[in-house]
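The values are calculated or read from the model by the stated rules, or taken from the named source; none is laboratory data. The shown structure was predicted, so the numbers you read here are calculated from the model rather than taken from an experiment. Neighbour counts run over all protein chains shown; Cβ positions are idealised from the backbone, glycine included.
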Amino acid sequence: MHRRLTAALGASLLSLSILAPLMIGTAQAGERQQLGYGRLVTNDLIGDGRDRWRTGSVASSRVWGPEWTGELPEGFGDLLELRLNFEAIAPEQLAAPAAGDRPYAAAISVGLHSHFQSAGTEFALGGDLVFTGPQTGIDDFQDFMHDYLGGDDINSTTRNGQIGDDINPTLVAEIGRPLSLGPARLRPFLEMRAGVETLARIGADLSFGRIGQGELLVRDPVTGQRYRTIRTPEAGMGFVFGGDIAYVDYSEYLPSNQGYQLTDSRTRLRTGLHVQTEAGHRFFYGLTWLGKEFEGQRDEQLVGSLRINLEF
């Protein structure tokens with residue numbers, strides 16, 4: 001497992017070393033510094049308590065740029081985010097998958113994205129390399145965690161039928177427009193992805209409270225939850241609500257040549273709570289309802305997302 005995971009990460013970082021100078025070279029900014037870091041762990045164990053479909057993922061981001069002023073810079077490439085994601089997607093029953101249920105899929109992605117604004121509109125543009133299949137080692141890691149925490153092992157049928165080894169270049173673009181509504185902030189957005197999944201999405205996020213103001217939040221690809229990367233030190237709370245709907249044209253995870261048919265639309269509804277204390281401890285918990293992704297999927301699902309930081 002370790003060898004395969006190391007090989008996948010090594011290939012990812014090699015690819016990133018090729019991509020990074022191309023994007024950094026477009027920047028007009030001065031000296032760079034690391035401005036922030038964020039991560040979000042999502043699992044159905046802290047949602048509906050089941051182990052199925054969009055069962056688990058980790059999103060993480062590191063951000064570099066000039067001094068943060070509380071808002072995005074205007075230049076493309078001035079502020080850069082290194083994004084690293086891990087995901088396991090599973091049939092409803094790992095040990096005995098039903099006929100027609102989705103195949104197991106494992107993915108590791110690494111990408112570089114630029115965040116900037118123009119005339120009050122926010123943009124996030126970049127690309128990921130998405131590595132799929134047994135080369136990621138995620139199937140072995142999931143078995144290890146189930147042995148330790150409890151849960152079904154991946155049987156040979158599930159393992160042999162999983163999405164195979166591949167590398168999928170994926171372009172990602174999001175456009176958002178923050179709007180002030182008194183004590184609340186509304187941010188409608190459009191998102192497009194082309195690669196491992198090709199889709200167009202429209203949605204909005206509504207937030208209340210101090211948390212998130214003057215900060216950079218990055219969208220988790222699985223749930224749509226936005227997690228903090230550049231933060232202010234003030235204590236407070238923040239409540240978030242959001243939703244979106246997507247038209248999906250293609251999914252590597254649901255191959256049409258194996259008879260899978262995508263649903264006409266893909267819907268997500270979410271809510272969450274941010275807390276930051278005077279001592280700097282930070283907490284986020286969110287719930288996301290995920291609609292069906294393919295014809296024959298028996299039910300929707302509820303996943304939970306968690307971030308805990310303790311300062312000592």
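Out of Ile163, Ile175, Ile202, one residue alone is surrounded by 14 or more Cβ atoms within 10 Å (Cβ to Cβ) and either among the small types (Gly, Ala, Ser) or not in a loop (DSSP other than H, G, I, E, B) (or both). It is Ile175.
Looking only at residues in segment 228-270 that are closer than 14 Å to Gly209 by Cα and of a type in the set (Val, Ile, Thr), which one is modelled with the lowest pLDDT? Restricting to residues being closer than 14 Å to Gly209 by Cα and of a type in the set (Val, Ile, Thr), the top hit is Thr232.
Checking each residue in segment 255-312 for being over 30 Å from Gly236 (Cβ atoms), part of a strand (DSSP E or B), within 19 Å of the chain's Cα centre (by Cα) and not charged (D, E, K, R) picks out Thr267, Gln301. If you take the residues of segment 95-122 that are of a type in the set (A, V, I, L, M, F, W, C) and over 23 Å from the mean Cα position of the chain (by Cα), which of them is modelled with the highest pLDDT? Going through the qualifying residues, I end up with Ala119. In segment 52-96, the residue that is nearest to Glu252 (Cα to Cα) out of those that are acidic (Asp, Glu) and surrounded by fewer than 22 Cβ atoms within 10 Å (Cβ to Cβ) is Glu92. Based on this model, can you work out whether Leu112 counts as aliphatic (A, V, I, L, M), under 22 Å from Tyr253 (Cα atoms), in contact with a helix residue (DSSP H, G or I) (Cβ under 9 Å, 6 or more places away or on another chain) and crowded, with 17+ Cβ neighbours inside 10 Å? Considered against the rule, which asks whether it is aliphatic (A, V, I, L, M), under 22 Å from Tyr253 (Cα atoms), in contact with a helix residue (DSSP H, G or I) (Cβ under 9 Å, 6 or more places away or on another chain) and crowded, with 17+ Cβ neighbours inside 10 Å, Leu112 comes out as no.
Check segment 275-292 and report whether any residue there is in contact with a Phe, Trp or Tyr (Cβ under 6 Å, 6 or more places away or on another chain) and modelled with pLDDT of 95 or more. Looking for residues that are in contact with a Phe, Trp or Tyr (Cβ under 6 Å, 6 or more places away or on another chain) and modelled with pLDDT of 95 or more, one finds at least one in segment 275-292, hence yes.
Restricting attention to segment 178-192, the residues that are part of a loop (DSSP other than H, G, I, E, B) and under 16 Å from Leu217 (Cα atoms) total 1.
Each residue in segment 123-144 was checked for being surrounded by 14 or more Cβ atoms within 10 Å (Cβ to Cβ), more than 30 Å from Leu72 (Cβ to Cβ) and either modelled with pLDDT under 80 or of a type outside the set (A, V, I, L, M, F, W, C) (or both), and 10 of them qualify. Return the pairs, sorted by first residue and then second, in which the second residue is surrounded by fewer than 20 Cβ atoms within 10 Å (Cβ to Cβ) and not polar (S, T, N, Q), the first residue lies in segment 87-105 and is within 17 Å of Asp140 (Cα to Cα) and free of Cβ contacts under 8 Å to residues at least 60 places away in the same chain, the beta carbons are less than 6 Å apart, and the residues are 6+ apart or on different chains. As it stands, the answer is none, since no pair meets every condition given. Of note, Asn155 does not satisfy the criterion of being more than 22 Å from Arg282 (Cβ to Cβ), in contact with a strand residue (DSSP E or B) (Cβ under 6 Å, 6 or more places away or on another chain) and not hydrophobic (A, V, I, L, M, F, W, C). Go through the residues of segment 206-226 one by one and say whether even a single one is of a type in the set (Ser, Thr, Tyr), touching a residue at least 24 places away in the same chain (Cβ under 8 Å), in contact with a Phe, Trp or Tyr (Cβ under 9 Å, 6 or more places away or on another chain) and under 21 Å from Val58 (Cα atoms). No.
Taking the listed residues Ala107, Ala124, Ala59, the one that is under 18 Å from Arg193 (Cα atoms), in contact with a His (Cβ under 6 Å, 6 or more places away or on another chain) and either in a strand (DSSP E or B) or of a type outside the set (Asp, Glu) (or both) is Ala124, with no other qualifying.
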